[in-house]
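J.: Encoded as structure tokens, here's the structure I'll be asking about.
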Amino acid sequence: MVVKLARFLLIPLHITVTPGGTNQMHIVKTTLLAVALMATPVAASAATVLVDNSVDAIGLTPGFNASNTTGGQNFLSAVTFASGVTVGGFDIYSDFESQGGPNQQGFAVTLRIRGDDGGAPGASDLFTLTSTITTVDNIGSSTSMTLKRLHADFAATNLAAGNYWFGLSGTDEIGFNLAFNAPGANGLWILSGANNGGSLPDTLAAFRVLGTAGSVPEAATWVMLIAGFGLTGATMRRRRATAAA
């Protein structure tokens, strides 16, 4: 398996509502706000670390800064959740900047999430989420200051308990630091674009998954709630009208 270095190393609802009263309008406004919040990326300050494979946590030292682009070579790491979660952010670690590349803040990125197929990634993405790198710092990499944390927030995504594969890559080069010859390490896979390439045994890579335990209701659930509130309000108004008559 040939892994390319990063190039700077110089080696190759629409909802229609007809309000019938103050109470109904209040319910609708509250519910629409909840729907809007569902589509908002989970802020880093509100998220917790669901999986901590940071540089400090796994003892990664600067090794091999691999090329990492969504349309070219990119990587997937194995992740297991014991219970359902809502994923809202993802970190990887790269020394791309220290090797002569630009600061990656503001770079467009893609997060792939795939299911597990017998210890290998599934053939296609369960979710393909896009965002930008909002933070470049040393959180989780205090032992190797040249390895920078690249953080991006994503729209809240519900996942059930189980095994998954996660990978963050850039539209432009963002790099991804790997450590080879790490006996016992596993769960890293290389892709070419969206196509599975093969496993990278005895290889370590640092990353973190952020979000919240449990899951938020799906959009369809909110639509059902809206319909239920509307029917309840209409029934109450009819009863009041009948009583007044």
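Read the figures in this text as sums done on the coordinates, not as results from a lab. Keep in mind that this is a model prediction, so the values were computed, not measured. Cβ: placed from backbone, ideal geometry, glycine included. Neighbour counts: every protein chain shown.
J.: About its Cα centre, how strong a charge dipole does the range 78-164 have in debye, to the nearest 20, once Lys and Arg get +1 and Asp and Glu get -1 at the Cβ? Don't skip to the end; give the middle numbers.
T.: Working: 4 positive and 8 negative charges, 7 e Å.
In debye, rounded to 20, the range 78-164 gives about 40.
J.: Something else about it: Pulled fully out, how much extra length does the chain show between ASN195 and ASP137, if you take 0.36 nm times their separation in residues and subtract their Cα-Cα distance? Write out the running numbers ahead of the final one.
T.: Details: separation 58, 0.36 × 58 = 20.88 nm, distance 3.07 nm.
Here the answer is 17.8 nm.
J.: THR132's amide H: which non-local residues (gap 5+, or another chain) put their own amide H closer than 5 Å, with H modeled 1.01 Å from N in plane and none for Pro or chain starts?
T.: The list, which skips near neighbours in sequence, is VAL109, ASP153.
J.: Separate question: Using amide H atoms built 1.01 Å from N in the peptide plane, name the residues 5+ places from LEU126, or on other chains, whose amide H lies under 5 Å from its own.
T.: It is ILE113, ARG114, GLY115, by chain and number.
J.: Apply the Karplus parameterisation 6.51 cos²θ - 1.76 cosθ + 1.60, with θ equal to phi minus 60°, to every residue of the range 154-163 and state each ³J(HN,Hα) to the nearest whole Hz, in sequence, with x for glycine and proline.
T.: Along the range 154-163, the couplings run 9, 4, 4, 10, 7, 10, 6, 4, x, 9 Hz.
J.: While we're on this one: Pull up all non-local amide H partners of ILE139: gap of 5 or more, or a different chain, and H-to-H distance under 5 Å with H placed in the peptide plane.
T.: When sequence neighbours closer than 5 places are left aside, the close amide H contacts are ARG149.
J.: Another question, then. With a point put 7 Å past each Cα toward its Cβ, work out how far THR171 is from ALA57 in nm, to one decimal.
T.: Distance between label points: 2.9 nm.
J.: May I ask you to compute the full-extension gain from ASN103 to PHE180, defined as 0.36 nm times their residue separation minus their alpha-carbon distance, rounded to one decimal in nm?
T.: On the way: separation 77, 0.36 × 77 = 27.72 nm, distance 2.50 nm.
Difference between extended and current length: 25.2 nm.
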